[in-house]
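Here the structure is laid out as structure tokens; the discussion comes afterwards.
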Amino acid sequence: MSKAKVGERLPYLLGKLKAPRVLERLEQTAALAREQEWPYERFPQTLLEAEVFARDASGARMRTRHAGFPALKTLEDFDWTAQPAAEKPLVMHLAQLAWIDEQANVCFFGPPGTGKTHLAIALALKACQHGYRVAFATAQEWVSRLEAAQDRNQLEAELKRLERYHLLIVDEVGYLPLERQAANLLFALVSRRYERGSIAVTSNRGFEQWGEILGDAMVAAALIDRLVHHATMITLKGKSYRLRERGTGIAPATQPPSLRDSA
């Protein structure tokens, strides 16, 4: 084979393998490899690393888009000085995501505007970037979604489909009271994920008030029992970020949960 023909089929082969980044970098990387006399193994490794990195980044963007976050929040953006109760070392430990592999849960409690949803989204965004599938919705939105599935006689299928997600965010538990049937559906969601998948919950009400929120003390007790068996609790305190920005100092009252870390 003449020198002119060496590598001429590479564009075709890389196209069949659907490796466009390798093709884009092929000529430049080959020239560098010849110039620096790379070991043979380094040449394909360098090309494949670029392809894998690009695919990982693309996958993370897709998972983030499909998660349904209302906004993108990061741990770097969080004002730790304004919220010392956030227990930064604990949150940064959670950011390593071992709890998702363990099918454990995280519960954030505190007054509105203290950063509960921010931290939940930030952890979930980390999860998306590391290959985990995530879905975000408020408690009311989850209930509506399950009610619609139930009306189609597909509740079991919907719960099974949600098992494909490594992490579900249930935001704003307690902002609106739920009717008994809605509470039963929320319980079904939590119960189905027990030791099968992770949940991150945010609530402005302590557990002792969930019986009132859910309209049934027995359902609330059963839901809490499954939620906290393998869970980390973080209680935020202080004034609302949004109210502080408006120059007011009113902090809505809340009761901290009666349960702390449980694992």
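The values are calculated or read from the model by the stated rules, or taken from the named source; none is laboratory data. Just so you know, these numbers come straight off a predicted model, no measurement behind them. Cβ: placed from backbone, ideal geometry, glycine included. Neighbour counts: every protein chain shown. Each accessible area value is taken on the protein alone, full model and side chains, heavy atoms only, with ligands, DNA and RNA left out. Shrake-Rupley method; radii C 1.70, N 1.55, O 1.52, S 1.80 Å.
List of remarks:
- Considering region 126-139, and only residues there that are over 10 Å from the mean Cα position of the chain (by Cα) and modelled with pLDDT of 95 or more, the residue that is most open to solvent (accessible area, probe 1.4 Å) turns out to be T138.
- Among the residues making up region 197-227, none is touching a Leu at 6+ places or on another chain (Cβ under 7 Å) and either acidic (D, E) or surrounded by fewer than 16 Cβ atoms within 10 Å (Cβ to Cβ) (or both).
- Among the residues making up region 140-149, a single one is open to solvent by 70 Å² or more (accessible area, probe 1.4 Å) and polar (S, T, N, Q): Q140.
- Whenever a residue of region 163-184 is under 21 Å from W99 (Cα atoms) and outside any strand (DSSP E or B), its partners that are open to solvent by 20 Å² or more (accessible area, probe 1.4 Å) and not aliphatic (A, V, I, L, M), lying with C-beta atoms within less than 8 angstrom and at least six residues away or across chains, give the pairs E163/R192; E163/R196; R164/R133; Y165/R133; H166/Y132; H166/R133.
- Condition check for A157: out of contact with any strand residue (DSSP E or B) (no Cβ under 9 Å at 6 or more places or on another chain) and either buried (at least 22 other Cβ atoms within 10 Å of the Cβ) or part of a helix (DSSP H, G or I) (or both): yes
- Any chance Y194 is surrounded by fewer than 22 Cβ atoms within 10 Å (Cβ to Cβ), without any contact (Cβ under 8 Å) to a residue 40 or more places away in the chain and hydroxyl-bearing (S, T, Y): yes
- Every residue from region 25-65 that is of a type in the set (S, T, Y), modelled with pLDDT of 85 or more and exposed (fewer than 15 other Cβ atoms within 10 Å of the Cβ): Y40
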